[in-house]
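Visitor: Here you go, one structure.
The values are calculated or read from the model by the stated rules, or taken from the named source; none is laboratory data. The shown structure was predicted, so the numbers you read here are calculated from the model rather than taken from an experiment. Neighbour counts run over all protein chains shown; Cβ positions are idealised from the backbone, glycine included. Just so you know, the surface numbers come from the protein's heavy atoms only, side chains and all, with ligands and any DNA or RNA stripped out. Shrake-Rupley method; radii C 1.70, N 1.55, O 1.52, S 1.80 Å.
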Amino acid sequence: MEAIILLGGPGAGKGTLADALKKDSSFIHISTGDMLRAAVKEGTDVGLAAKDCMDAGKLVSDDLILQIIRTRIGKKAADAKLMFDGFPRTIEQAEGLQTFFAEIGGTITHVLNLVADPEALIPRLCGRRTCKTCGAIFHVVNMPPKEEGVCDLDGGELFQRDDDNEETVMNRLEVYKTQTAPLIDFYKNLGILHDIDAGSTAKNSELLALAALNA
Ligand code: ADP
């Protein structure tokens, strides 16, 4: 089993890049944020355990995250290609993933580190809108839908995520700096980190990411 990891602060464009890469590759997209939001919506035990942390912009416990990752990957074929988005988020999660992959014979081939100016992330997040039905991501200024509030792809209603408000966004940026940014050195030391400039358009990030994956 092979995997790539999309690393980057909130709003750096991990979800948008994941959607683009999925279109012309065989990656299975694994977003812990999407999995947790689905669990909250369904009211499962995982959702109940995660909701308060998510609303506050804090991280959900490493044990819970590693457990949902193991469950999600457990049934995948040995030749599956995974794309992690929003995982790992802490050194403990990265070490847990190393242990898990050692057990199942998995390899992390690339870590794409989306580099963006933190100042630019706040307006990106506060203007983000997501389709209720298909999860496609838009932005009121940078990537507006053709019709306000309506998804271009399936006509679904666009909504603003509960945690995309200014106060929670500030917490998420702080959490990224203290808990997630140390992963940059972790993966640099493994020789698999590729910096991707995420400061301009989504299309540009996609081209840079494809170049890094094919190099
Ligand atoms: P973003 O990257 O835009 O902040 P995500 O959708 O990846 O958003 O995550 C939303 C929230 O879900 C996070 O703020 C956190 O509470 C929780 N979460 C998602 N993935 C993880 C993870 N790997 N570890 C801990 N918490 C997570």
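Visitor: At 1.4 Å probe radius, can you tell me the per residue accessible area of the chain in Å²?
Guide: 51
Visitor: While we're looking at this one, here's another question. Counting Lys and Arg as +1 and Asp and Glu as -1, each charge on the Cβ, what is the dipole of the chain about the Cα centre in debye, to the nearest 20? Before the final figure, lay out each step's value.
Guide: Numbers: 23 positive and 32 negative charges, 84 e Å.
For the chain, the charge dipole is close to 400 debye.
Visitor: Also, I was wondering about something else. Which far-off residues, 5 or more places away or on another chain, put their amide H under 5 Å from the one on residue 195, with H placed in the peptide plane?
Guide: Amide H neighbours of residue 195, under 5 Å, 5+ apart: 113.
Visitor: Lysine pairs in the chain with alpha-carbon atoms under 19 Å apart, 8 or more places apart or on different chains: how many are there?
Guide: Within the chain, the lysine pair count is 21.
Visitor: Might you report the magnitude of the Cβ-based charge dipole of segment 1-122 about its Cα centre, with Lys and Arg at +1 and Asp and Glu at -1, to the nearest 20 debye?
Guide: Using Cβ point charges on Lys, Arg, Asp and Glu, segment 1-122 gives about 340 debye.
Visitor: Right, here's the next one. Ordered by packing density, taken as the mean number of other Cβ atoms within 10 Å over each peptide's residues, highest first, how do 200-206, 1-7 rank? Don't jump to the answer; show the numbers that get you there.
Guide: Values: 200-206: 15.0, 1-7: 22.4.
The peptides rank, most packed first, as 1-7, 200-206.
Visitor: Let me ask something additional. Calculate, in nm to one decimal, what residue 34 and residue 109 gain on full extension: separation in residues at 0.36 nm each, minus their alpha carbon distance.
Guide: The residue 34-residue 109 span can extend by a further 24.7 nm.
Visitor: Relative contact order for segment 2-214: what percent, with Cα pairs under 8 Å and sequence separation of 6 or more?
Guide: Numbers: 305 pairs, mean separation 64.9, N = 213.
Relative CO of segment 2-214 lands at 30 percent.
Visitor: For a quick check: with amide H placed at 1.01 Å from N, whose amide H comes under 5 Å from residue 129's, ignoring anything fewer than 5 positions away on the same chain?
Guide: For residue 129, whose amide H was placed from the backbone, the distant partners under 5 Å are 138, 139, 140.
Visitor: May I pose another question? Could you point to the residue in 112, 180, 200 farthest towards the positive end of the chain's charge dipole, with +1 and -1 charges on the Cβ of Lys/Arg and Asp/Glu respectively?
Guide: 112
Visitor: Now for a different question. Could you order peptides 75-81, 189-195, 62-68, 10-16 by the average number of other Cβ atoms within 10 Å of their residues, highest first?
Guide: The peptides rank, most packed first, as 10-16, 62-68, 189-195, 75-81.
Visitor: Provide the convex hull volume over Cα atoms per residue for the chain, in Å³.
Guide: So the per-residue Cα hull volume is 122 Å³.
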